[in-house]
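The values are calculated or read from the model by the stated rules, or taken from the named source; none is laboratory data. The structure displayed is predicted, hence computed values, not measured ones. Cβ coordinates were reconstructed from backbone atoms using ideal geometry, including for glycine residues, and neighbour counts include every protein chain displayed. Just the protein is used for accessible areas: all its heavy atoms, side chains included, with ligands, DNA and RNA removed. Shrake-Rupley method; radii C 1.70, N 1.55, O 1.52, S 1.80 Å.
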Amino acid sequence: MAKRQAPESSQISMDSSLRSKRLKYFDGRTRQSDASKYVSEVSEVIGEPSMTKPETGKKESERKSEFGQSIVVEEKIGDIFNAPEYSVLVHACNCEGFWGAGIALAFKKRYPKAFAKYREHCNTSDKATLRGTAFLIPPCEVKGPKHLIGCVFTSGNNGRSKDSPPLILANTGPAMEKLLKQVAKLRKTREVAELRMCKINSGLFNVPWKFTRAVIENLRVEASKLLHQTYTVLAR
Ligand SMILES: Nc1ncnc2c1ncn2[C@@H]1O[C@H](COP(=O)(O)OP(=O)(O)OC[C@H]2O[C@H](OP(=O)(O)O)[C@H](O)[C@@H]2O)[C@@H](O)[C@H]1O
């Protein structure tokens with residue numbers, strides 16, 4: 001894993017040769033106490049480098065069937081907005097309907113119609129159930145690149161009243177799984193080029209990237225729900 005100081009990007013590619021302990025996920029109504037337990041469990045996974053070493057012994061097919069496809073996160077450098085047409089650009093969202101700062105504000109400026117759809121989605125949904133969900137917005141801008149916007153709702157609130165890091169982390173797994181399912185469903189009828197992310201939760205949401213990365217690496221998703229190509233997740 002390349003360790004760099006500058007903002008890094010990560011390339012997520014599907015790799016079923018890894019075994020990791022399946023982390024149980026909480027639904028969007030995770031209690032604070034449960035979420036803290038969850039973070040200590042994620043720390044345990046991070047703390048055990050052997051957890052991401054290829055497992056000897058079990059056959060590939062046995063591993064796949066037992067755990068589904070795992071995702072490996074590699075770190076590179078780049079800019080999320082230079083994505084090819086029909087790429088899905090993913091960022092962490094609050095359930096309040098605000099893209100007020102950070103990369104969300106950059107999204108709002110570049111994709112005003114997508115922002116309007118995100119905001120309407122928040123305003124017409126029960127906020128209590130939005131945490132841990134996702135909202136995929138197909139290309140809808142009048143001009144500019146045809147990008148899909150993948151909103152993963154990792155915090156109920158925004159700004160100073162954002163959710164705690166454990167709660168944000170506990171929502172990340174379910175939200176990512178739901179996003180991947182929505183991408184898999186959409187690409188049956190529409191072009192989806194690749195999936196790009198920023199290092200979600202790692203700035204204003206104050207969650208060290210290694211924790212979010214561990215959650216993503218421990219996702220177990222049916223092969224049919226994963227794009228069979230690498231996703232470029234980039235930060236400036
Ligand atoms: N052009 C670019 N390409 C690629 N990566 C880029 C980039 N520009 C910055 N990054 C990186 O993208 C990561 C996330 O950094 P951020 O702090 O923005 O997001 P976050 O996920 O921690 O937090 C979400 C809340 O922030 C907002 O704020 P409001 O609540 O509206 O006030 C939202 O609405 C949410 O609520 C950091 O690694 C940045 O280096």
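Out of the stretch 108-127, which residues are touching a strand residue (DSSP E or B) at 6+ places or on another chain (Cβ under 6 Å) and within 11 Å of the ligand (Cβ to nearest atom)? Hit for the stretch 108-127 is Tyr118, nothing else.
Given the condition in a loop (DSSP other than H, G, I, E, B) and more than 16 Å from the ligand (Cβ to nearest atom), answer yes or no: does some residue in the stretch 195-215 qualify? Checking the stretch 195-215: not a single residue is in a loop (DSSP other than H, G, I, E, B) and more than 16 Å from the ligand (Cβ to nearest atom). For Leu169, the criteria (1) open to solvent by 10 Å² or more (accessible area, probe 1.4 Å); (2) within 14 Å of the ligand (Cβ to nearest atom); (3) farther than 18 Å from Ile149 by Cβ hold in every case but one, which is (1).
The set of residues from the stretch 88-98 being part of a loop (DSSP other than H, G, I, E, B) and surrounded by fewer than 23 Cβ atoms within 10 Å (Cβ to Cβ) comprises Glu96, Gly97, Phe98. So, Thr133, is that one within 16 Å of Cys93 (Cβ to Cβ), buried (at least 19 other Cβ atoms within 10 Å of the Cβ), within 14 Å of the ligand (Cβ to nearest atom) and polar (S, T, N, Q) or not? Judged against the criteria, Thr133 is not a match.
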